[in-house]
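Here's the structure, in structure tokens; my notes come after.
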Amino acid sequence: MKKAIELIEKDYLKSDIPEFKVGDTVRVSQRIQEGDKSRLQAFEGVVIFRRGRGTGETFSVLKVEHTDSVEKTFPVHSPLVEKITVVKASKPKLKKSKLYHLRKQAVKK
């Protein structure tokens, strides 16, 4: 059963996704549709989790500015996500796979 699903999903997977992991700072360019016009909107922040596989794979980016924090979850293989750029790699000795504690730190600042 899994092999049949993987064969179907293979056509929808993107091949130009860079290697990034939790803790990296990434810039995600997302296509926004406004009426009959479309534009690209960039969202830059720290990846706090990455989960799933295949077409259901998602990752969440936390952006902190002054005292406000915004978190967005993006599907990796979505046609609306134009480009993912790794701005800064994380430390090599990162021990956690989910950085939920960064949410609380953003509120305290």
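Read-outs throughout are calculated quantities, based only on the coordinates presented, and are distinct from any laboratory measurement. Bear in mind that the values here come from a model prediction, so they are computed numbers and not experimental data. Please note: Cβ atoms are built from the backbone with ideal geometry, for glycine as well, and neighbour counts cover all protein chains shown.
Quick notes on this structure:
- The chain, relative contact order in percent, only Cα pairs under 8 angstrom and at least six apart counted: 30 percent
- In the chain, the DSSP-assigned H stretches of four residues or longer account for a calculated mean residue ellipticity at 222 nm of -4000 deg cm²/dmol, using -39500 (n - 2.57) per stretch and the full residue count as denominator.
- The slack in the chain from His66 to Leu80, taken as 0.36 nm per residue of separation less the alpha-carbon distance, amounts to 2.2 nm.
- If only the Cβ of Lys and Arg carry +1 and only the Cβ of Asp and Glu carry -1, the dipole of region 2-108 around its Cα centre is close to 680 debye.
- Correct option for percent of Cα pairs over 22 Å apart [calculated from the coordinates] among (i) 45; (ii) 31; (iii) 39: (iii)
- Lys-Lys pairs in region 1-44 that are eight or more residues apart or on separate chains and whose Cα atoms lie under 23 Å of each other come to 4.
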